[in-house]
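To start, the structure under review is shown below, and the notes come after it.
The values are calculated or read from the model by the stated rules, or taken from the named source; none is laboratory data. Keep in mind the model is a prediction, meaning the values are calculated, not measured. When we count neighbours, we look across all protein chains shown, and the Cβ atoms used for this are built from the backbone with ideal geometry, even at glycine. For the accessible areas, the whole protein counts, side chains as well, though only heavy atoms, and no ligand, DNA or RNA atoms are used. Shrake-Rupley method; radii C 1.70, N 1.55, O 1.52, S 1.80 Å.
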Amino acid sequence: MAMAKIRWTKVVVFLLCLGPFLWLGWRFWNQDLTANPTEFIQHFLGDWAIRLIVVTLAVTPLRKLLHLPALIRFRRMIGLFAFFYACLHFLTYLWLDKLFDFGEILKDIPKRPFITAGFAALVLMIPLALTSTAGWIRRLGGRRWQMLHRLIYGTAVAAVVHYYWLVKSDIRLPLLYGTLVAVLLAYRVGTWLVARARPRTSPKRAQPAIS
Amino acid sequence: MLIKKPEDIRYSEVTPKSIYLNRRRFLAGIPAAFLAGRELLSPSARALAGSKLPALVKSPLSTTEAQNSYNDVTRYNNFYEFGTQKDQPAKYAQKFKTDPWTVSVEGEVAKPRKFTMDEILKLSPIEERIYRHRCVEAWSIVVPWAGYSLSTLLKQVEPTSKAKYVAFESYWDLKQMPMARPEIAGIKFPYVEGLRLDEAMHPLALLCVGMYGETLPPQDGAPVRMVVPWKYGFKSIKSIVKIKLVASEPPTTWKMSVPEWYGFYSNVNPNVNPVRWNQKTERRLPSFFQNHPTQIFNGYGDQVASLYAGMDLKKLY
Ligand code: HEM
């Protein structure tokens, strides 16, 4: 893709990611948040956090499968938007549910398993958001940066567990996200196994032809 | 106050003060300019009306707390037969056929019989009962129900000495309720609930045929449901077709589904917190904040606590 085209596509992806937030604001403005506004807002933000986590995980497989390497240029933005929605989601818990009663919050996070899992998912995203800049990639070095950013696998699993544990009986959506995450992680395992089985195709491990 | 309005004003035409108050409270910190004009908008005219009930008898059991709007109570429902999302029953229950309707009252009784809806409506004067309604999901509302004590109906069939519990069953029909399948909703159907006989005979236990002065809309459990205000909302079974008096504790839907979260009694209790829920406080809708302290027995302790004398409510939750 040409540079200009990528820049424009970035604007579009940015607006797409921001769209749900603007939609939520619109519904707030219109007092159209159902009889239980907090539940609506909290679920809406949680839904978009997990959706964007799945999209972020899908970037690498999609760029290979669709032969669209330029997709990588949108991954950071989508990941940061996932973090943005997850933070707002957490804020609804801290503010609307708990009224910033940190004594209660500190007891609640370890006590209720689904809250523990959600919290773990969010905490694992913090180092990724902090080191998402080009400067940090340079400082850490590509390889170490990549290792660190595998924490997103943990986030995705914890987010699915969080969702699965919190639903009352209708497990269709947590199962759907669980399946998507399982497929996307299986892709990683698959490529790793393939790379290991054929070490010579990997240029880094290839032995010099003449010793 | 709402109840002092002339008879012919529909509940939906006035927005209870509480809604304004709550909105003001929440929005206090937000620039006033942003809000200009918004509060002038009252809830839109309602599309989901039932038919008007004859003049209701006022009840001393009613609360004077601010009521929720008709809109809130008819567009936000847990009624898994019509979908597991809160906005689904209002959409998918509209064609629910509730006429003709009969309720079979049977089991350990001297005179088992079927009641038509007409008979139920005429059995006793219909009272207005304004109750607090507390969901296990830690939100609560105040609703002006219409009906009479279940005991009135039960006395008609003369429970025998073997009757110790009352088992209720909801209507179930996949043709009208295509989502009422375990693979979809994750619970078994038909929905079943139960009370101990002394609970069922308590005057507060309401056999409910209406709300806001009208018959029940389908998504709220038409044509006849229970309202047991000191228990979590799921105990108040909807669209009842069978009431059976039995000798031992009957199975109940949510307890069968996740016994760690839901007990047979499920009395509202801020001191019983199975891991899924935090019941110490609740959100009095439409407030945004979960800052309303939960009262034991949902504030009906003076009337019902004696039913549970000597019971360990932490074990028998
Ligand atoms: C990456 C982080 C997280 C993701 C992806 C996530 C995702 C979700 C999702 C998908 C839902 C259900 C929404 C629905 O039913 O439509 C949800 C609900 C919820 N989450 Fe999270 N969550 C995260 C972190 C957290 C954290 C850190 C907390 C609090 C410590 C939290 C607390 C809650 C609560 C209280 C609910 C609502 C449960 C209820 O309605 O009873 N979540 N979350």
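Checked across the stretch A:1-17, the condition of being assigned to a loop (DSSP other than H, G, I, E, B) and of a type outside the set (S, T, Y) holds for at least one residue.
Selection of first residues in the stretch B:279-292 that are free of Cβ contacts under 8 Å to residues at least 60 places away in the same chain and of second residues that are part of a strand (DSSP E or B), restricted to Cβ pairs under 9 Å at least 6 apart or on distinct chains, gives the following pairs, ordered by first then second residue: B:K280/B:P293; B:N291/B:T281; B:N291/B:E282; B:N291/B:R283; B:N291/B:R284. Has the stretch A:54-67 got at least one residue that is more than 15 Å from the ligand (Cβ to nearest atom), open to solvent by 30 Å² or more (accessible area, probe 1.4 Å) and not in a helix (DSSP H, G or I)? Within the stretch A:54-67, one or more residues are more than 15 Å from the ligand (Cβ to nearest atom), open to solvent by 30 Å² or more (accessible area, probe 1.4 Å) and not in a helix (DSSP H, G or I). Of all residues in the stretch B:168-198, those satisfying the criterion of being in contact (Cβ under 8 Å) with a residue 60 or more places away in the chain, open to solvent by 20 Å² or more (accessible area, probe 1.4 Å) and not basic (K, R) are B:E169, B:Y171, B:W172, B:Q176, B:M179, B:I184, B:G186, B:F189, B:Y191, B:V192, B:D198.
Within the stretch A:170-193, the set of residues being more than 13 Å from the ligand (Cβ to nearest atom) and open to solvent by 70 Å² or more (accessible area, probe 1.4 Å) comprises A:T179, A:V183, A:V189, A:W192, A:L193. Looking across A:T116, A:T133, one residue alone is more than 12 Å from the ligand (Cβ to nearest atom), modelled with pLDDT of 95 or more and open to solvent by 20 Å² or more (accessible area, probe 1.4 Å). It is A:T133. Selection within the stretch A:20-51: residues that are within 14 Å of the ligand (Cβ to nearest atom) and acidic (D, E). The member of this set that is farthest from the chain's Cα centre (by Cα) is A:E39. Applying the set (1) more than 8 Å from the ligand (Cβ to nearest atom); (2) more than 17 Å from the chain's Cα centre (by Cα) to A:V167 leaves exactly one unmet item: (1). On the phi > 0 side of the Ramachandran plot and surrounded by 20 or more Cβ atoms within 10 Å (Cβ to Cβ) - does that describe any residue in the stretch B:241-254? Checking the stretch B:241-254: not a single residue is on the phi > 0 side of the Ramachandran plot and surrounded by 20 or more Cβ atoms within 10 Å (Cβ to Cβ). Per this entry, B:Y232 is counted among residues that are touching a Cys at 6+ places or on another chain (Cβ under 8 Å) and within 14 Å of chain A (Cβ to nearest Cβ).
Residue-level analysis places A:R76 outside the set of residues that are within 12 Å of the ligand (Cβ to nearest atom), under 21 Å from A:L185 (Cβ atoms) and open to solvent by 70 Å² or more (accessible area, probe 1.4 Å). Would you mind stating whether B:P250 is more than 24 Å from A:K111 (Cβ to Cβ) and within 14 Å of chain A (Cβ to nearest Cβ)? Here the answer is no, as B:P250 does not meet what is asked. Among the residues of the stretch B:255-273, those identified as open to solvent by 10 Å² or more (accessible area, probe 1.4 Å) and not hydroxyl-bearing (S, T, Y) are B:K255, B:M256, B:V258, B:P259, B:E260, B:W261, B:N267, B:N269, B:P270, B:N271, B:V272, B:N273. Residues in the stretch A:84-97 that are open to solvent by 20 Å² or more (accessible area, probe 1.4 Å) and more than 8 Å from the ligand (Cβ to nearest atom) were compared, and the one that is nearest to the other protein chains (Cβ to nearest Cβ) is A:W95.
Do the conditions hold for A:I41, that is, is it in contact (Cβ under 8 Å) with a residue 40 or more places away in the chain and either at positive phi or within 14 Å of chain B (Cβ to nearest Cβ) (or both)? It is true that A:I41 is in contact (Cβ under 8 Å) with a residue 40 or more places away in the chain and either at positive phi or within 14 Å of chain B (Cβ to nearest Cβ) (or both).
All conditions in (1) farther than 18 Å from B:K235 by Cα; (2) within 14 Å of chain A (Cβ to nearest Cβ); (3) open to solvent by 30 Å² or more (accessible area, probe 1.4 Å) hold for B:L285, with the sole exception of (3). Set side by side, the residues A:A134, A:A117, A:A159 differ, and just one is touching a residue at least 40 places away in the same chain (Cβ under 8 Å) and within 18 Å of A:G79 (Cα to Cα), which is A:A159. Screening A:L66, A:L106, A:L148 for residues that are within 14 Å of chain B (Cβ to nearest Cβ) and over 29 Å from A:G25 (Cα atoms) leaves exactly one candidate, A:L106. Going through (1) of a type outside the set (A, V, I, L, M, F, W, C); (2) at pLDDT below 50; (3) open to solvent by 40 Å² or more (accessible area, probe 1.4 Å) one by one, B:T64 falls short only on (2). Residues that are open to solvent by 10 Å² or more (accessible area, probe 1.4 Å) and touching a strand residue (DSSP E or B) at 6+ places or on another chain (Cβ under 8 Å) were ranked within the stretch B:139-161; the one that is nearest to the other protein chains (Cβ to nearest Cβ) is B:W139.
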